[in-house]
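Taking it in order: structure first as structure tokens, then the write-up.
Computed from the coordinates by the stated procedures, all read-outs in this text should not be read as laboratory data. What you see is a predicted model; the values in this text were computed from it and never measured. Here the Cβ positions follow ideal geometry from the backbone for every residue, glycine too, while neighbour counts run over all protein chains shown.
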Amino acid sequence: MRNAPRVVLSLGLALAAMEPLAASATPAVASAAQSEVYVVRPGDTLWGIAAHFLKNPWDWPLLWRRNPAIRNPNLIYPGDRIVLSYDAAGQPHLQVIQLQPQMQVGPIPSYNTGVMMPFLGSPGLIASRSDYERLPYIAAADDSDTIFSNGDRLYVKQLGDLAPGTMLRVVRAGPTLTRPGETKSLGHALMDLGSAKVLHAGSLAEIEITNAREEISLGDRLVPEEPEPSPHFFPSSPTHPVQGHIIGSLSNFPEMMVGQVVVVDRGSAAGLVPGNVLQIDGPENASRDAVTGERLTLPGRDIGSLMLFRVFPEVSFAVVTVAKRGIQVGDALRNPPPTAPKVLGIAP
């Protein structure tokens, strides 16, 4: 057990920060006598380290379950040494040799917190448009500006009697979320625009913007700031078959690439948990039989993968982890390939 207190490290894993790992992630032929050692570095993530040892990072639990002495794979720290070796039968064995740090460090997270953190501490989802319209809203400003940022002071209605100093999130509702072919609303994703602090309460309260992540405008809504959940969870494949779709994007781009956040139309009601990885399939293509001329429907191809990091009953937020082409709203989702990959060239 570590006696030193931990301070969470900032990480950077858009794929650029994974390049040192990705460069060595190609499986190599290994014999039973060989072993591989990796020293965990600040800025690493579980996703990147799993990619170092495995063809598919989401198959990390297959390797970890063979080593019950390792109690919590989420709590790996910079300086730790991860040793993968093989017995005479070619079965992999994983060992973590922990550093006894002379300095305060924190465990590495699952993925880039810079990507996920704006969506971890906000409500993320609201059930209906009417619920959204009942939220406190930015009603006015002292000048004629229409776009606001850090340090600007604004006036709010419907805030209630919140004490001065109370921290709030500034949010904006996205479009209605629905499953393809259905009209039933799954709610609205809430865009997290930044944070603000209550200066004065009352029927026309005053706030100050403390951190504007995006442009803030009159009419934007406010919700209480919530504690941010831990970014430590385990990349894994769902335990049962899942099919779904990407039904929303939390960016303004028509196509999403690695590191961008999307909304998935499956959640805890479908048995999904944070850390689950799903394969992204492109749309089906129409074609014709070259001999008979019969109309054919070609299945969508594997075009990438995503990892869930925040799960609600009916929807989830996910980050795109692999993109072989631009990812679009409407792309289909399913379990990653069920066959376990080779570990460094040796079948598990």
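Worth pointing out:
- Segments 132-138, 277-283, 47-53 sorted - mean Cβ within 10 Å per residue, highest first: 47-53, 277-283, 132-138
- Cα extents of segment 151-310 along the three principal axes, largest first (Å): 76, 33, 28
- Computed on the Cα atoms alone, the convex hull of segment 175-248 gives a volume of 178 cubic angstrom per residue.
- Interchain or long-range residues, amide H under 5 Å from Gly187's placed H: Leu177
- Cβ-defined net charge surrounding Leu177, 9 Å radius [Lys, Arg +1; Asp, Glu -1]: -1
- Rounded to whole Hz, the Karplus (6.51, -1.76, 1.60) HN-Hα couplings of segment 142-148, x for glycine and proline: 5, 10, 8, 4, 10, 10, 10
- The Kirkwood hydrodynamic radius of segment 122-224, based on inverse pair distances between different Cα atoms, is 14.0 Å.
- Spin-label model distance (nm) - His93 vs Ser217, 7 Å beyond Cα toward Cβ: 6.2 nm
- With R₀ fixed at 45 Å, the C-beta to C-beta distance from Thr178 to Ser149 puts the FRET efficiency at about 0.85.
- Bridgeable aspartates and glutamates around Lys197 (alpha carbons under 12 Å apart, same-chain partners fewer than 8 residues away excluded): Asp152, Glu206, Glu208, Glu225.
- Environment charge at Gln279 (Cβ cut-off 9 Å; Lys +1, Arg +1, Asp -1, Glu -1): -1
- Amide H to amide H, with H built 1.01 Å from N, Asn211 comes under 5 Å of Ser195, counting only residues 5 or more places away or on other chains.
- Between segment 121-162 and segment 185-262, the alpha-carbon center distance in angstrom: 14 Å
- A Förster radius of 22 Å, combined with the Cβ-Cβ distance separating Gln243 from Ser128, puts the computed FRET efficiency at roughly 0.25.
- Karplus-derived 3J(HN,Hα) values for segment 214-219, using 6.51 cos²θ - 1.76 cosθ + 1.60 with θ = phi - 60°, are 9, 5, 10, 10, 4, x Hz; glycine and proline are entered as x.
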